[in-house]
Amino acid sequence: MPQVVSVVGTHIAPDREAEVIDGFSAAVRAGMPERRHTSLLRGDDQIWRIITFWRSRSDLDRYLASTQPPFARQLLESAGGRPTVEVLEVVLDNNAAIWT
């Protein structure tokens with residue numbers, strides 16, 4: 001079963017960015033065992049994204065069924081954002097066996 005990536009993003013006002021950084025940091029320190037990897041990114045025009053690699057779509061679905069609202073969406077909404085969500089299948093990455 002292929003890995004998937006969730007991308008949750010929104011505009012966050014500069015005076016609210018510390019809320020996002022602090023909330024994300026606290027969650028990472030507390031542990032996020034269902035995720036393979038997660039990153040907080042800031043782009044141009046204060047567009048913030050939380051990108052998370054999941055072991056499989058079923059892992060993501062189990063997580064979504066176990067919590068409301070999901071962490072990334074809740075964190076960005078609590079800082080005044082209106083997040084959008086994308087889920088993408090990982091077709092190939094630099095860790096794939098094909099490269100070794």
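Which residues, taken from the range 43-85, are assigned to a strand (DSSP E or B), under 19 Å from MET32 (Cβ atoms) and not basic (Lys, Arg)?
Answer for the range 43-85, where residues must be assigned to a strand (DSSP E or B), under 19 Å from MET32 (Cβ atoms) and not basic (Lys, Arg): TRP48, ILE50, ILE51, THR52, PHE53, TRP54, VAL85.
Can you tell me which residue in the range 1-35 is modelled with the lowest pLDDT, limited to those that are loosely packed, with under 14 Cβ neighbours inside 10 Å, farther than 20 Å from ALA79 by Cα and touching a helix residue (DSSP H, G or I) at 6+ places or on another chain (Cβ under 9 Å)?
Per the criteria, the residue is MET1.
Read through the list (1) at pLDDT 90 or above; (2) farther than 28 Å from ARG16 by Cα; (3) among the hydrophobic types (A, V, I, L, M, F, W, C), then give the number of the only condition that TRP54 fails.
Every listed condition holds for TRP54 apart from (2).
Has the range 67-88 got at least one residue that is polar (S, T, N, Q), in contact (Cβ under 8 Å) with a residue 12 or more places away in the chain and touching a Gly at 6+ places or on another chain (Cβ under 9 Å)?
For the range 67-88, residues polar (S, T, N, Q), in contact (Cβ under 8 Å) with a residue 12 or more places away in the chain and touching a Gly at 6+ places or on another chain (Cβ under 9 Å): present.
For the range 52-71, check the following and say yes or no: at least one residue is among the basic types (Lys, Arg), farther than 19 Å from GLN3 by Cβ and surrounded by 12 or more Cβ atoms within 10 Å (Cβ to Cβ).
No, that holds for no residue.
The values are calculated or read from the model by the stated rules, or taken from the named source; none is laboratory data. This one's a predicted model, so the numbers in the text were calculated from it and none came from an experiment. Heads up, the Cβs are rebuilt from the backbone with ideal geometry, glycines too, and the neighbour counts pull from every protein chain shown.
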